[in-house]
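Written below as structure tokens is the structure these notes are about.
The values are calculated or read from the model by the stated rules, or taken from the named source; none is laboratory data. Just so it is clear, the model here is predicted, and its values are computed rather than measured. Cβ placement follows ideal geometry from the backbone for every residue including glycine, while neighbour counts extend to all protein chains displayed. With ligands, DNA and RNA removed, areas are computed over all heavy atoms of the protein, side chains included. Shrake-Rupley method; radii C 1.70, N 1.55, O 1.52, S 1.80 Å.
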Amino acid sequence: MNITVVGTGYVGLVTGACFSEMGHHVLCVDNDARKIEMLKRLEMPIYEDGLQEVVERNVEQGRLNFSTSIKEGTEYAEVIFIAVGTPPGYRGQANLSYVEQVGRTVAEHMTSYRLLVEKSTVPVNTGEQLKRTMTKYLREDVAFDVASNPEFLREGTALVDAFNPDRIVIGVESDRAAQLMEEIYKPIVEQSGCELLRMNIASAELTKHASNSFLAMKISYVNAVSRVCELAGADVKQVAHGMGLDSRIGKQFLHAGVGYGGSCFPKDVDAFVHLSDQIGYDFQLLKEVQRINQAQREHLMAKIQHELWVIQDKVVAILGLAFKPGTDDVREAPSLYFVPQLLEAKANLRLWDNVAAKKFDEIHPGLTYIEDPLECARGADLVLILTDWPEIKNLDLKALKEAMKAPVVIDGRNVFEPEKMEELGFTYYSVGRPAT
Ligand SMILES: NC(=O)c1ccc[n+]([C@@H]2O[C@H](COP(=O)([O-])OP(=O)(O)OC[C@H]3O[C@@H](n4cnc5c(N)ncnc54)[C@H](O)[C@@H]3O)[C@@H](O)[C@H]2O)c1
């Protein structure tokens, strides 16, 4: 099949690459001409493991192409996926201007039936709005459908997730739309054996917000437990392990730490709270999830303040800038909370994250980046760990202690064991475990 994907970011590019790998012909469209030029030169605008190879292979075999023109995308395929950003807007409400713009432009150029698929994460009832917009801007009297097909991939393992999803959710209102979606996903369903769930559009839209908010809730829950552990002298890692082995609870997303970040959880929880408010439900539970998440960062900042006493002129080495390992994405990353605070307190910052440094530098230009984590820690009064990259997990701790001016580690990801750190002579603060 021919497929157009509008938006070639973390989701759109992976989706387009995955569809082409499955044998479809895909045109990826983006209005960022710089991105499209890079992709045409087979340079990846984002870091995602394995993406380069899949893109290269499918471009070479003629199944994957790039364009800046939605008009071309509308002519190219019967099915058009919208994978543009839906960033936080006014008071946490999702900003749907990019989605609306794509819908409008597609409508203006349509001359025969098209299926417009929401791949972006959108609040429930966006499908209805999209239909109204399309109807308004159609130049010719042609039929169309809107569908919802939320994306559940995780940055860092996006390709594995795209080829082996836990489930595929499609929200449709006509058999024609359902058949097209089933045809597109047939190779993935056959290969992975996953279920393809058909539901109405509103339910599909809501499934995504409800899923992300649930995962954020799990993280905030274990973070709240971590605070009780600190007060009670318990170890949250052991508690979470004990909980997670219960199959009703599950091990994933039970890691206490500096709180969730990234381009999805903060904005999706915000949007879900806002949407619920708007339609008449005060989602207090999720408001508490947000409060706990913020408090977790402030709690860690208080530990830094307590340990350094005077932050001014202290050398602080920050290890990890991405919101999680395996990605260069720094959107809503905890690093974006700590760096400005420490700069304001006049700390002397040294930063390490070879994957995310470029994206971070676009937001905070002119800071000092060191390519080796151990070198980054040299002469530091304090090391702050914000991303559990393997390079950090595998640090030579003896060498780290020797490199630092004062052996103080504040670990926002619980990478090391307190007993070991104590044995080596570190002052070590982690989350929900006894300090040494
Ligand atoms: N990043 C994730 O892990 C993830 C996972 C699941 C769902 N989502 C959702 O998918 C959507 C996209 O997220 P992302 O992380 O890929 O965003 P992104 O910012 O990486 O990519 C969005 C792309 O859309 C392009 N774009 C914006 N307006 C456009 C227009 N009018 N025409 C053409 N291109 C346009 C931008 O230039 C950009 O390249 C969001 O709704 C997000 O919530 C993201």
For the range 220-270, the count of residues that are within 25 Å of the chain's Cα centre (by Cα), within 19 Å of Ile410 (Cβ to Cβ) and open to solvent by 20 Å² or more (accessible area, probe 1.4 Å) equals 2
Here the residues within the range 62-75 that are of a type outside the set (Lys, Arg) and more than 14 Å from the ligand (Cβ to nearest atom) are Gly62, Leu64, Asn65, Glu75
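Give the range 17-42 a look and list any residue that's within 8 Å of the ligand (Cβ to nearest atom) and crowded, with 23+ Cβ neighbours inside 10 Å, or say none.
The first filter runs over the range 17-42 and keeps only residues within 8 Å of the ligand (Cβ to nearest atom), leaving 29-32, 35.
Correct list: Val29, Asp30.
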Subset of the range 413-436 (residues that are in a strand (DSSP E or B) and either surrounded by fewer than 16 Cβ atoms within 10 Å (Cβ to Cβ) or at pLDDT below 95 (or both)): Thr427
List pairs: first residue in the range 29-48 and over 14 Å from Gly7 (Cα atoms), second residue within 9 Å of the ligand (Cβ to nearest atom) and outside any loop (DSSP other than H, G, I, E, B) anywhere in the structure, Cβ distance under 7 angstrom, at least six positions apart or on different chains. Glu48/Val14; Glu48/Ala158
When you go through Pro87, Pro45 one by one, which is the residue that is over 17 Å from Leu159 (Cα atoms) and either open to solvent by less than 10 Å² (accessible area, probe 1.4 Å) or within 13 Å of the ligand (Cβ to nearest atom) (or both)? Pro87
Given the conditions (1) more than 13 Å from the ligand (Cβ to nearest atom); (2) under 25 Å from the mean Cα position of the chain (by Cα), every one holds for Asp141 apart from (2)
Scan the range 134-160 for residues that are open to solvent by less than 20 Å² (accessible area, probe 1.4 Å) and in a helix (DSSP H, G or I) and jot them down. Met134, Ala158, Leu159
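What residue, of Lys398, Lys359, is farther than 17 Å from Pro334 by Cβ and assigned to a helix (DSSP H, G or I)? Lay out the reasoning, then the answer.
Details: Lys359 fails: farther than 17 Å from Pro334 by Cβ.
Step by step, each of Lys398, Lys359 is checked, and only Lys398 is farther than 17 Å from Pro334 by Cβ and assigned to a helix (DSSP H, G or I).
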If you check Leu159, Leu206, Leu130, which single one turns out to be modelled with pLDDT of 95 or more, outside the structural domain of Gly7 (by TED's automatic domain parsing) and within 16 Å of the ligand (Cβ to nearest atom)? Leu206
Which one of these is crowded, with 17+ Cβ neighbours inside 10 Å and either in a strand (DSSP E or B) or more than 16 Å from the ligand (Cβ to nearest atom) (or both): Gln312, Gln290, Gln305, Gln294? Gln290
For the structure I just gave you, tell me whether Asn223 is of a type outside the set (A, V, I, L, M) and away from the ligand (no atom under 14 Å from the Cβ). yes
Please pick out the residue among Leu342, Leu286 that is touching a helix residue (DSSP H, G or I) at 6+ places or on another chain (Cβ under 8 Å) and under 24 Å from Val222 (Cα atoms). Leu286
Among (1) open to solvent by 50 Å² or more (accessible area, probe 1.4 Å); (2) more than 10 Å from the ligand (Cβ to nearest atom); (3) modelled with pLDDT of 95 or more, which single condition is Val59 missing? (1)
Evaluate the following for Asn212: is it buried (at least 20 other Cβ atoms within 10 Å of the Cβ) and either touching a Gly at 6+ places or on another chain (Cβ under 7 Å) or assigned to a strand (DSSP E or B) (or both)? no
Inter-residue pairs, beta-carbon under 6 Å, first in contact (Cβ under 8 Å) with a residue 24 or more places away in the chain and closer than 19 Å to Pro434 by Cα and in the range 288-309, second polar (S, T, N, Q) and open to solvent by less than 30 Å² (accessible area, probe 1.4 Å), 6+ apart: Gln296/Asn223
Single match in Lys267, Lys237 (criterion: within 16 Å of the ligand (Cβ to nearest atom), assigned to a helix (DSSP H, G or I) and of a type outside the set (A, V, I, L, M)): Lys267
When (1) near the ligand (Cβ under 9 Å from one of its atoms); (2) touching a strand residue (DSSP E or B) at 6+ places or on another chain (Cβ under 8 Å) are applied to Val14, the one that fails is (2)
Does at least one position in the range 195-202 carry a residue that is in a helix (DSSP H, G or I) and either outside the structural domain of Cys264 (by TED's automatic domain parsing) or on the phi < 0 side of the Ramachandran plot (or both)? yes
List pairs: first in the range 83-96 and without any contact (Cβ under 8 Å) to a residue 40 or more places away in the chain, second assigned to a strand (DSSP E or B), Cβ under 7 Å, 6+ apart or cross-chain? Asn95/Pro88
What about Thr4, is it within 16 Å of the ligand (Cβ to nearest atom) and within 22 Å of Ala356 (Cβ to Cβ)? no
For residues that are more than 19 Å from Pro390 (Cα to Cα) and either more than 33 Å from the chain's Cα centre (by Cα) or open to solvent by 30 Å² or more (accessible area, probe 1.4 Å) (or both), tally how many sit in the range 401-412. 5
